[in-house]
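The values are calculated or read from the model by the stated rules, or taken from the named source; none is laboratory data. For clarity, every value in this text was computed on a predicted model and none was experimentally measured. Cβ coordinates were reconstructed from backbone atoms using ideal geometry, including for glycine residues, and neighbour counts include every protein chain displayed. All accessible areas refer to the heavy atoms of the entire protein, side chains included, with ligands and DNA or RNA removed. Shrake-Rupley method; radii C 1.70, N 1.55, O 1.52, S 1.80 Å.
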Amino acid sequence: GAKDIADALKVNRTLTELNLPGNRIEPEGAKEIADALKVNSSLTFLDLYNNEIGDEGAKDIADVLKANPMSALISLSGAGEADEFVKNRNRQRFLDTLNGNEKAEFARLRVMFVGQGRAGKSATVRSMLGKPFSPEWDSTVGADVSESVVNGSSWGDETDQIDFASALAVKMMNRHKEMKSSSPKRIEKSPVVAPLPSSSKTEMNNTETTKGDQLQNKGHQLSNFVDKDQNKKDLKRNSPVKNDRPKKNLQEDIVREYDEELILEAHERKNDLALSLWDFGDQEVFYTMHHIFLTKTGIYVLVFDMRELLELVTREEAKKYLRFWLRSINMHAPQAPLLLVGTFCAEIQSEIRGVDRIRGVDKILRELSKQFTSQIVANDNLVFFPIDNREKLNIQELRKAIEFTARNDRAMKQEVSIRWMAFLDELLSHKKSKSYLTMNGDVSHIASKFGLSRQEQEMALGLFHERGLIIHLTATETLRNIVIIKPQWIIDALGKVIRDSTIHVDMAQYERDGLKEDAKVMFNEGIASRDLLGYMWNYDQTDFFIDLMKRTMLMSDYRNDCFLIPSLLKENKDMGAVDTRCVVDFSTTFLPHGVFQRLVCLCVEYVSRKTSFDDSIRMNKNCATFPAFAGQEVELVEDPSQQAILVSSSDVEKIIPIVSSMLLKINSNVMGGRLKWKVLIDGKAFQPEKAVELGSPTLDLDVFLASL
């Protein structure tokens, strides 16, 4: 009976939950269990509801718990006085931890899904979240952000606001208990075959246990433990409890409402992993804006259509997109792990020699990715993960691989303080009424409440940006002063302007509202009127969005209250015949989409500030001609085949320092300083000294342009 259970508890080091309701345990049995709790350090849940232990048995258990700081119990029911002691102890531990100086790992990472149009990227994200396949799903505009909480095979679609400070405090409390316990550590295996955590819960209802080994368990993690009987556990919220300790460093104590449910839920979810899933638009027009949101940490998932690689007529185009994304990811995040994911697996496997065709895809990918092998996460003997979103084939294997990669990523090891999490909580608490906050106003005030210096603020905001919780751009002082707490808000705003007119534009809508001509000019010639932009943004924050696009070099002033958006320019094969006397050569790395377009932006701004605007400026997707650029005609041509920008003018030695300064500014402000190029004039290297000074990232854009 109870003595056998107690004897087993004395030697067991892995059991975390024991349910013994209605087992007619009397005071003598309670005393035996109390004696076992003197030495047991793993049990966290004990249910003695509806037994007959009486006040005497409850006191025995309470006395043992009071004298045993090693006890890991966080939930006890059916033991009267001992129940209250456990609740009060939890409350005090929670408050002490909340206002302590410890740090813990922030189990959250950003996962970025990229790839060629119509490859099944959005369908892959939906598969990860357990959503049904939809063949009619619209292609992504800009980017879509989803939040997920991962625990083994379960990828929940997280929509509720999380109390980050409380969750981290409970995590620290759990860590203290685990440090006291002698439970063995879990052994990690390969990503594809990594075992799911097993339950360590033992149910005993009206039965007796006589062998200690019957209480042995396979793991330490609870699996979806929910007590539905409200009479068995008192889970009512208690009133907020303040801590009377003296304040340190003038920072305020962090006050939270103590909630028994929070403790129980956080314990169950102590191994949960939060993932921010970013599904980037796959049309080429979006690539220019992607540079703003791609981060140096996180996990990248490059999705491609295997059929495109296998068919001769589409193979080279598919390889071109794969090369582009491999280079782009390596430039933005050279240390980040990368998973290659091939879609339409079921269709290929159903064909004759389907296995050989999968190997054929693998061979092509190995050749394409050989210089990026240090980043690529392998799938056993394949360099990629073949999946099928319609048939849900190999989806679980991909989930396991992403989870395993995330849990073992170096960025996940970074520890943060409760004060940082409380800072984050208060920032995000403004989401209902605001989309962004200002550093010099709201953010600094909030940070001061938690004793964060300006340097700590910047570090914390950088972390929150990398993990996908906010957007904080730091290229200029103006951008640094803005903290966007609704990432999807700014993505949607930019996506209303920068989009593929052949797929995502409804001209009938603009015609109904009398803006059809304005829309045609914008989507055909890249020239946007202020009226049209205001309409697209619902006349809300129009000046803010215009300023943001100008400072990220997505837009420039043009003429007559209009703006140039180079990424919307169309290709014109009649333009672009230029001599190759001066070449800006990016071939040692590569020339990403968006560099040339930003260079055109800066050139237009430069010309408009130095001279009266000249309507004879001619531009298309890959070429721009400026009749009066620093007193002479200058032509710029992007040559993707050579990974170069060609510069033509009568006095190229005078022009190149200005162009080089602009490229340095683009590199430092948008490309993370990782672009590499060399300037060749008549085949010889040319180094403009002045460009180094003017390209400094510390210069605000207005100051920079005025300095040229």
Quick check on the range 132-151. Is at least one of its residues in contact (Cβ under 8 Å) with a residue 24 or more places away in the chain, polar (S, T, N, Q) and open to solvent by less than 10 Å² (accessible area, probe 1.4 Å)?
yes
Out of everything in the range 591-640 that is over 24 Å from ARG674 (Cα atoms) and small (Gly, Ala, Ser), what residue ends up being most open to solvent (accessible area, probe 1.4 Å)?
SER612
Checked the range 99-127 for anything under 20 Å from the mean Cα position of the chain (by Cα) and over 17 Å from ASP305 (Cα atoms); matches are ALA104, GLU105, PHE106, ALA107, ARG108, LEU109, ARG110, VAL111, MET112
Pick from LEU599, LEU533: which is touching a strand residue (DSSP E or B) at 6+ places or on another chain (Cβ under 8 Å), part of a helix (DSSP H, G or I), more than 22 Å from GLN643 (Cβ to Cβ) and modelled with pLDDT of 90 or more?
LEU533
When the range 107-131 is checked residue by residue, the ones that are crowded, with 22+ Cβ neighbours inside 10 Å, at pLDDT 90 or above and part of a loop (DSSP other than H, G, I, E, B) are GLY120
List pairs: first in the range 544-572 and more than 21 Å from ILE503 (Cβ to Cβ) and without any contact (Cβ under 8 Å) to a residue 24 or more places away in the chain, second part of a helix (DSSP H, G or I) and open to solvent by 10 Å² or more (accessible area, probe 1.4 Å), Cβ under 8 Å, 6+ apart or cross-chain?
ILE546/ARG530
Would you confirm whether any residue within the range 470-485 is surrounded by fewer than 16 Cβ atoms within 10 Å (Cβ to Cβ) and either in contact (Cβ under 8 Å) with a residue 60 or more places away in the chain or of a type in the set (A, V, I, L, M) (or both)?
yes
Residue tally, condition within 24 Å of ASP540 (Cβ to Cβ), open to solvent by 10 Å² or more (accessible area, probe 1.4 Å), touching a strand residue (DSSP E or B) at 6+ places or on another chain (Cβ under 8 Å) and outside any helix (DSSP H, G or I), over the range 410-465
3
Boolean, VAL377 is among the β-branched types (Val, Ile, Thr) and either within 20 Å of the chain's Cα centre (by Cα) or surrounded by fewer than 19 Cβ atoms within 10 Å (Cβ to Cβ) (or both)
yes
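Per-residue answers, yes or no, for (1) open to solvent by less than 10 Å² (accessible area, probe 1.4 Å); (2) over 30 Å from GLY673 (Cα atoms); (3) assigned to a helix (DSSP H, G or I); (4) not hydroxyl-bearing (Ser, Thr, Tyr):
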residue: MET331; (1), (2), (3), (4): no, no, yes, yes
residue: ILE352; (1), (2), (3), (4): no, yes, no, yes
residue: GLU367; (1), (2), (3), (4): no, no, yes, yes
residue: ARG390; (1), (2), (3), (4): no, yes, no, yes
residue: GLU397; (1), (2), (3), (4): no, yes, yes, yes
Could you please let me know if ASP540 is part of a loop (DSSP other than H, G, I, E, B), farther than 30 Å from ILE681 by Cα and free of Cβ contacts under 8 Å to residues at least 40 places away in the same chain?
yes
Is there a residue in the range 169-190 that is within 19 Å of the chain's Cα centre (by Cα), buried (at least 20 other Cβ atoms within 10 Å of the Cβ) and at pLDDT 75 or above?
no
How many of the residues in the range 354-403 are within 30 Å of SER154 (Cβ to Cβ) and either free of Cβ contacts under 8 Å to residues at least 12 places away in the same chain or among the aromatic types (Phe, Trp, Tyr) (or both)?
4
Filtered residue count, the range 333-350, keeping only those that are in a helix (DSSP H, G or I) and open to solvent by 10 Å² or more (accessible area, probe 1.4 Å):
3
What pairs can you find where one residue is in the range 517-529 and without any contact (Cβ under 8 Å) to a residue 60 or more places away in the chain, the other is open to solvent by less than 50 Å² (accessible area, probe 1.4 Å) and part of a strand (DSSP E or B), and their Cβ atoms are less than 7 Å apart, with a gap of 6+ or different chains?
ASP518/SER529; VAL521/ILE527; MET522/ALA528; ILE527/CYS562; ILE527/LEU564; ALA528/CYS562; ALA528/PHE563; SER529/CYS562
Say whether the condition of being crowded, with 18+ Cβ neighbours inside 10 Å, hydroxyl-bearing (Ser, Thr, Tyr) and part of a helix (DSSP H, G or I) is met by at least one residue in the range 501-514.
yes
